[in-house]
Amino acid sequence: MFLPKLGFAEVKKAIIFSPLPEWNYFSQKFDFIDSVKWLNIFLKRVNKDVIFGGPLISSPTLALLIELLKEKGISEVLFVGWAGKSPYGSLEIGDLFIPEKAFSLEGTSKLYYKRKKVFKADRDFLLNLERFFKISNIPFKIGKILTVDAPHVVEKNLSDFKLLLNKAQAMDMETSALYAVSAYYNIKALSLLFITDEIGKTLSKRPESKLKTLREKLLLFFRHFIENVQ
């Protein structure tokens, strides 16, 4: 398979942004020493050890990028995305959600783990993040997520997926693959998700006021993540 080369010699950490609005907001808050465009994904170096990547969508694209970064020595990945809350759960639109466990209904993770359907966040990474968020007064909720390739199918057939959506508080398109691929390569990974909608409901606006506040608070954590490279 032909893939264009990445000009970076080594990368230890990455913050990967899925939705374009998150990429636009956070990439404007930092200075970069250089950047490249790789398969329509921007990769920008904050310093010699840390890159920002995005925007991207879907499990296969995320897995492909992690495969590339693994060759460059990546050891920690933060993923920033959007998710829809389960109609049977307790999340609210505008929450910052951290999946500790992901149920896989996507086709990428099974290529790494043929019989495994549930994937977990790195425990130490999660505990460290929880401590920082509590000390820094960053509101968040932790729970389980369902990851799918075709969210519209789930939304149009909610009764068929009710059992899983009773177990999971939200649904997205990347987290289970992120945790699967990262575990396969011994990379620490965490998914940070803004709850922007509800599964099965059509909304015309995002909760911008809540997102703005959370984005500003997350800047503190991202700077801490960038500055603390081992």
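The values are calculated or read from the model by the stated rules, or taken from the named source; none is laboratory data. In this text, all values refer to a predicted model and were calculated from it rather than measured experimentally. FYI the Cβ positions are ideal-geometry reconstructions off the backbone, even for glycines, and counts take in every protein chain you see. With ligands, DNA and RNA removed, areas are computed over all heavy atoms of the protein, side chains included. Shrake-Rupley method; radii C 1.70, N 1.55, O 1.52, S 1.80 Å.
Before moving on, here are some points about what is shown:
- Rounded to the nearest 20 debye, the dipole size of the chain about its Cα centre is 320 debye, using +1 on the Cβ of Lys and Arg and -1 on the Cβ of Asp and Glu.
- Mean Cβ neighbour count within 10 Å, used as a protection proxy, ranking 172-181, 8-17 highest first: 172-181, 8-17
- Placing +1 on the Cβ of every Lys and Arg and -1 on the Cβ of every Asp and Glu, with nothing else charged, gives the range 1-138 a dipole about its Cα centre of roughly 440 debye.
- Förster-model FRET efficiency, 22 Å R0, Val229 and Phe132, C-beta, rounded to 0.05: 0.90
- The relative contact order of the range 103-163 comes to 45 percent, based on Cα pairs under 8 Å that sit 6 or more residues apart.
- Carbon/sulfur fraction of accessible area - the chain, other protein chains in place, 1.4 Å, %: 50 percent
- Peptides 193-199, 221-227, ordered by how many other C-beta atoms sit within 10 Å of their residues on average, highest first, read 193-199, 221-227.
- Helix 59-71 and the longest principal axis of the C-alpha atoms of the chain enclose an angle of approximately 30°.
- The alpha carbon centroids of the range 145-179 and the range 68-130 are separated by 12 Å.
- Karplus-derived 3J(HN,Hα) values for the range 130-135, using 6.51 cos²θ - 1.76 cosθ + 1.60 with θ = phi - 60°, are 4, 4, 5, 4, 5, 5 Hz; glycine and proline are entered as x.
- Only beta bridges with both residues in the chain are counted; by DSSP, about 35 percent of them are antiparallel.
- The protection proxy used here, the mean number of other Cβ atoms lying within 10 Å of each residue, ranks peptides 94-104, 140-150 as follows, highest first: 94-104, 140-150.
- Evaluating 6.51 cos²θ - 1.76 cosθ + 1.60 at θ = phi - 60° for every residue in the range 8-24, the Karplus couplings come out as 7, 6, 8, 9, 9, 9, 9, 10, 10, 10, 8, x, 4, x, 6, 4, 4 Hz, glycine and proline recorded as x.
- Over the chain, dividing the summed -39,500 (n - 2.57) contributions of all DSSP H runs of at least 4 residues by the number of residues returns a 222 nm mean residue ellipticity of -10000 deg cm²/dmol.
- Residues whose amide H lies under 5 Å from that of Glu198, counting only those 5 or more places away or on a different chain, are Lys85; hydrogens are built 1.01 Å from N in the peptide plane.
- Comparing Glu22, Glu67, Glu208 in a Gaussian network model of the chain (Cα springs below 10 Å), the most mobile by mean-square fluctuation is Glu208.
- Structure-derived Kirkwood radius over Cα pairs in Å - corresponding label in (1) 16.9; (2) 17.8; (3) 19.3: (2)
- DSSP beta bridge pairing in the range 64-146, given as percent antiparallel to the nearest 5: 35 percent
- Relative contact order for the chain: 26 percent, from Cα pairs under 8 Å spaced at least 6 residues apart, divided by residue count.
- Normalised contact order of the range 101-228, rounded percent, pairs of Cα under 8 Å and 6 or more residues apart: 31 percent
- Remark: the range 176-188, residue by residue, has Karplus-estimated 3J(HN,Hα) of 5, 5, 4, 5, 5, 5, 5, 5, 4, 9, 6, 10, 7 Hz, where x stands for each Gly or Pro and the curve is 6.51 cos²θ - 1.76 cosθ + 1.60 at θ = phi - 60°.
- Surface analysis of the chain yields an accessible area of 50 Å² per residue, using protein heavy atoms and a 1.4 Å probe.
- Under a model in which nothing but the beta-carbon of Lys, Arg (+1) and Asp, Glu (-1) is charged, the range 53-101 shows a dipole of about 80 debye around its Cα centre.
- Amide H partners (placed H, <5 Å) of Lys12, local residues excluded: Val50
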